[in-house]
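**Student:** Before we start, here is the structure in question, set down as structure tokens.
The values are calculated or read from the model by the stated rules, or taken from the named source; none is laboratory data. Note that this is a predicted model, so its numbers are computed, not measured. All Cβ positions, glycine included, derive from the backbone under ideal geometry; neighbour counts span all protein chains shown. Heavy atoms of the whole protein, side chains included, go into the accessibility calculation; ligands, DNA and RNA do not. Shrake-Rupley method; radii C 1.70, N 1.55, O 1.52, S 1.80 Å.
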Amino acid sequence: MLVDGEPRLACITLAASMQGRRIETIESLATQGRLSALQRAFHERLGTQCGFCTPGMIMAAEALLRREPRPTEAQIREALSGNLCRCTGYVKIIESVLAAAEARR
């Protein structure tokens with residue numbers, strides 16, 4: 001999830017400590033039932049495999065793209081470093097983020 005625009009692990013965040021903060025989840029990225037450019041890129045570029053890590057990857061990538069619209073591969077890897085994927089080897093995930101950055105231009 002994003003808390004005030006910054007990635008945060010939802011599983012270790014106490015809800016009571018979030019009062020007055022802006023909380024965004026993967027569901028908030030879609031608008032009127034339409035996937036965001038980032039969600040669409042993960043779908044089209046096969047960045048999603050089993051789906052377990054996908055929300056965290058997408059939210060971390062969203063935070064990155066908001067502060068760095070044209071990230072390098074190294075910047076993407078750094079931004080996603082707190083999320084683990086056991087399925088893809090990260091290649092498709094990184095390609096998805098790069099495609100979303102391109103689509104936002």
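**Student:** Give me the angle, in degrees from 0 to 90, between the Cα long axis of helix 54-67 and the longest principal axis of the Cα atoms of the chain, rounded to the nearest 10.
**Tutor:** Tilt of helix 54-67: around 90 degrees.
**Student:** Over the stretch 1-64, calculate the relative contact order: mean separation of alpha carbon pairs under 8 Å at least 6 apart, over the residue count, as a percent. Intermediate values should be presented prior to the final figure.
**Tutor:** Working: 52 pairs, mean separation 26.8, N = 64.
Result for the stretch 1-64 is 42 percent.
**Student:** As a check on your grasp of the helix formula, calculate [θ] at 222 nm for the chain: sum -39500 (n - 2.57) over DSSP H runs of n ≥ 4, divide by the residue count, round to the nearest 500.
**Tutor:** -12500 deg cm²/dmol
**Student:** Note down the accessible area of M59, probe 1.4 Å, to the nearest 10 Å².
**Tutor:** 10
**Student:** May I ask for the net charge around P69, where only other residues with Cβ less than 13 Å from the Cβ of P69 are counted and Lys, Arg are +1 while Asp, Glu are -1?
**Tutor:** +2
**Student:** Report the one residue of F52, P69, L35 whose Cα lies farthest in the direction of the positive end of the charge dipole of the chain (charges on C-beta: Lys and Arg +1, Asp and Glu -1; origin at the Cα centre).
**Tutor:** Value: L35.
**Student:** On to the next question. For the stretch 10-91, which trypsin sites (Lys or Arg not before Pro) pass both filters: DSSP loop (anything but H, G, I, E, B) and at most 13 other C-beta atoms within 10 Å?
**Tutor:** Passing sites in the stretch 10-91 are R21, R22, R86.
**Student:** Could you give the accessible area per residue of the chain, probe 1.4 Å, as a whole number in Å²?
**Tutor:** 64
**Student:** A follow-up question, please. Assign one of three labels to the stretch 53-105, namely rounded, prolate or oblate, based on the Cα gyration tensor with a ≥ b ≥ c the square roots of its eigenvalues; rounded applies when a/c is under 1.5, prolate when it is not and a/b is larger than b/c, and oblate otherwise. Each step should come with its number before you reach the end.
**Tutor:** Working: a/c = 1.76, a/b = 1.53, b/c = 1.15.
Note, shape of the stretch 53-105 comes out prolate.
**Student:** Now for a different question. For the chain, which whole percent of the accessible surface, found with a 1.4 angstrom probe, sits on carbon and sulfur atoms?
**Tutor:** On the way: 3500 of 6700 Å².
Here carbon and sulfur together make up 52 percent of the probe-accessible area.
**Student:** Please get the size of the charge dipole for the chain, origin at its Cα centre, with Cβ charges of +1 on Lys and Arg and -1 on Asp and Glu, quoted in debye to the nearest 20. Write out the running numbers ahead of the final one.
**Tutor:** Values: 14 positive and 11 negative charges, 23 e Å.
About 100 debye.
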